[in-house]
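Student: Sharing a structure below in structure tokens format, with a few things to ask.
Each reported figure results from applying straightforward, stated rules to the coordinates on display, with no laboratory input. Values in this document were obtained by computation on a predicted structure and should not be read as measured data. Glycine also receives a Cβ, built like all others from the backbone with ideal geometry; neighbour counts cover every protein chain displayed.
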Amino acid sequence: MVTAPLWIRRPKVLHLAAYSFAALSFAGQVVALLVRGSDRATALSVLLAGAGVVLSWWRPWAGLVVTGAASFAVTAVGQDPLSVWMMAVFVLFSLTFRGGHPVAATLVVAAFFLGTFMTVGGFRGGATVGTAALFFAIGGGATGFALRVHRDHWSMLEERAETAVAMREIEATRRVAEERLRIARDLHDVIGHQVALLSMHLGTAEIGLPDTAAASRDALVAARASARTVIVESQRILVLLRRGNDPPGAEALRPVPALSGLESLIASFASIGLDVRTDLALPAGPVEPSVGMTIYRVVQEALTNAYRHGEGTATVDIGEAGGRIHVTVENDIAPGRRAPGTGGGLGLVGMRERVSSSNGRMTAGAEDGRFRVRAEFSPRGEVLR
């Protein structure tokens, strides 16, 4: 992260520097008067300039006018006004840097300088020095204004950066909440399906009981009643979860994601132009429905990132080894585009939530110009050791 210069982090540094130089100019003028000697009018004119500098600390515009008028007074009594002019320019610089109107402030000082040159005159160097002093005043006002604009611009960039970080955190939190809600919906569908199957099997068992097994039949009837209650309550939860988030009926008609739908999923990405190479060695044994659903979602999100951020061929490898299901999706990162993990990375947040909900493990990141997503699961959804 780039650190702002000291004068931007502490703008009073330039403000104090300007007054320090003004004080040195005043001190130099006082020493010159003491060495060369001076009359009362000259001393009062120099003291007026010093008073203007002090006044400008609290009343910038009043102090600027007093300091500018002092340059005219010093010249009028026949003294060289260079030091007093410098004091006026430093006050002008401080005023414009603090937010004073640059054109108006520069015109005030320039008017006194130009008026001095065109009326009383009498300073060493003649027109050349007078013209230089005039442009020096313009430069002082312009420099103060330019530094102020640069400081404000830097402050605006810092504010935007802070806002962007805050918004990213808000967006990440929102995306996590949405993904958790989506996980809850999918798990509800899986659980509801399993409970419906349980109720069906209980009914089959009840029919097959002999007439003498009254106690067992009563127990099965009670179990079926409990299963129906679970289904009804699950439907109520489903209505609550889906309310206001999906188009009416759209999600309800969508099949529950599972391993059996992977080929259709990959074909849908191929239809929009993504070249996908697959090596699908799906487990022959039973797989916990929630695990199959999570694998489906991981492949879906990884291929979405490949389509948005990658180029060339994306590969999807799924196989079983050592009692675990291994999933790998990778693709080349397109030149000039950031890998998903180097930008917002909010899709990866939801993907990790998915994998964690099924007791799996996941890694994702760029490696040798390719972005890889790797995940592994226990087929039965058990915690990996």
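Student: Under a point spin-label approximation (7 Å from Cα along Cα-to-Cβ), what is the residue 41-residue 258 distance to one decimal in nm?
Tutor: It is 10.8 nm.
Student: Here's a follow-up. What nm distance separates the two modelled labels at residue 366 and residue 321, each placed 7 Å from Cα along Cα→Cβ?
Tutor: Reported label-point gap for residue 366 and residue 321 is 2.8 nm.
Student: Convex hull over the Cα atoms of the range 134-186, averaged projected area in nm²? Intermediate values should be presented prior to the final figure.
Tutor: Values: hull surface 14.1 nm².
Projected area, direction-averaged: 3.5 nm².
Student: Going by amide H atoms built from the backbone, whose H comes under 5 Å of the H on residue 334, apart from near neighbours?
Tutor: The answer is 310, 311.
Student: Whole-Hz ³J(HN,Hα) for each residue in the range 291-304, computed from phi via Karplus 6.51 cos²θ - 1.76 cosθ + 1.60 with θ = phi - 60°, x for glycine and proline: what do you get?
Tutor: Once rounded to whole Hz, the list reads 5, x, 5, 5, 4, 4, 5, 5, 5, 4, 5, 5, 5, 5.
Student: Could you give the nm distance between label points at residue 13 and residue 332, where each point is 7 Å from its Cα heading toward the beta carbon?
Tutor: Reported label-point gap for residue 13 and residue 332 is 4.8 nm.
Student: Whole-Hz ³J(HN,Hα) for each residue in the range 96-108, computed from phi via Karplus 6.51 cos²θ - 1.76 cosθ + 1.60 with θ = phi - 60°, x for glycine and proline: what do you get?
Tutor: Rounded to whole hertz, the list is 5, 5, 7, x, x, 5, x, 5, 4, 5, 5, 5, 4.
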